[in-house]
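Engineer: Below is the structure I would like to discuss, written out as structure tokens.
The values are calculated or read from the model by the stated rules, or taken from the named source; none is laboratory data. Note that the structure is a prediction, hence the values are computed from the model and not measured. A quick note on method: Cβ atoms are made from the backbone with ideal geometry, for glycine too, and the neighbour counts reach across all protein chains shown. All accessible areas refer to the heavy atoms of the entire protein, side chains included, with ligands and DNA or RNA removed. Shrake-Rupley method; radii C 1.70, N 1.55, O 1.52, S 1.80 Å.
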Amino acid sequence: MKRGIHPELIELAAEAAGLEAALSRRGFLMFSACAVGGITALGLCEAFGADAPLVILDNAKGMLLADPTRCVGCQRCELACTEFNDGRAQPTLSRIKIDRSLYFGPEGPTGGPRMQGSWGNGLVVQGVCRQCPHPVPCATACPQDAITDDPKTGARVVNAAACVGCRMCQRACPWNVISFDEQRQKSSKCFLCNGKPKCVEACPAEALRYVPWRDLTREGEKGGVLLSLIPANKAKACAECHVPSGRNPAAK
């Protein structure tokens, strides 16, 4: 299939930008040059809607797989994460979360008979990013489209230059694994260290593995994604494809 920027797509882009009425030939050429760069880079020509482009991320190629039965709670993974990515030994910035469930498990000190962690049944449950499939909650909630997929690994990564520190991604993440750097006022998340996760290398108990991606978002408990976090223009674009069951006119 021949790929390129067709005039129809330029006109659609101009219409989406509200420029269709003032698009002279010179403007058309200038707009085309900009569109070629932007649209080709995204590879989403066919995804243009009437009001906003749909940003659909392909599945990641790999992911972290955690084995709680092997974790000894040494937290070396957290240190390895921040030393590599932030140049600081600061576990609170770590993209893998151990400390928060080290003593009481994910349910906290009120977990009752289900309480895990060092003071429960001894099971330390690691908090890791699932590299969610489309629709990616953190990327969808970001008003700046600052979360994209790494071209090499497909991991979802925060573009620090575009992040404005609004923390919407933190609120949207069902697994609560987005980190926020108070000093830099930027969010960050696991991007698999360019395909060589430092946490995996640092784990002395082999409780972490880097494996081919599969969808684990339906396993384990998670918080609900707040639909109100999704910007209105994105929600409208999503609704064009995600028609509620029983309301699809094509099914009649």
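Engineer: At R0 = 41 Å, how high is the FRET efficiency between residue 206 and residue 166 if r is their beta carbon distance? Nearest 0.05 is fine. Write down the numbers at each step before the final one.
Structural biologist: Numbers: r = 38 Å, r/R0 = 0.92.
The calculated FRET efficiency here is 0.60.
Engineer: Okay, moving on. Step through the table entries 61/236; 186/236; 97/186; 196/234; 152/236; 189/234, compare each Cα-Cα distance with 25 Å, and write down the pairs that go over it. Don't skip to the end; give the middle numbers.
Structural biologist: On the way: 61/236 29 Å; 186/236 27 Å; 97/186 18 Å; 196/234 33 Å; 152/236 30 Å; 189/234 22 Å.
In this structure, 61/236; 186/236; 196/234; 152/236 lie more than 25 Å apart at Cα.
Engineer: Between residue 145 and residue 182, what is the label-point separation in nm under the 7 Å Cα-to-beta-carbon projection?
Structural biologist: 3.3 nm
Engineer: Kindly give the semi-axes, whole Å and largest first, of the ellipsoid equivalent to region 138-196, taking each as the square root of 5 times a Cα gyration tensor eigenvalue.
Structural biologist: Here the semi-axes work out to 17, 12, 12 Å.
Engineer: Would you list the P(r) distribution for region 62-141, with all Cα-Cα distances sorted into 10 Å bins from 0 and each bin expressed as a whole %?
Structural biologist: 19, 39, 33, 9
Engineer: What's the carbon and sulfur percent of region 47-156's accessible surface, probe 1.4 angstrom, rounded to a whole number? Before the final figure, lay out each step's value.
Structural biologist: Working: 2790 of 5240 Å².
Here it works out to 53 percent.
Engineer: If you stretched the chain out fully between residue 217 and residue 114, how much longer would it get, using 0.36 nm times the residue separation minus the C-alpha to C-alpha distance?
Structural biologist: Value of the extension gain: 34.9 nm.
Engineer: To the nearest 0.05, how large is the calculated FRET efficiency for residue 56 and residue 123 if R₀ is 25 Å and r is the Cβ-Cβ distance?
Structural biologist: Here the calculated transfer efficiency is 0.10.
Engineer: Keeping every protein chain present and rolling a 1.4 Å probe, give me the accessible area per residue for region 57-114 in Å².
Structural biologist: Here the per-residue accessible area is 54 Å².
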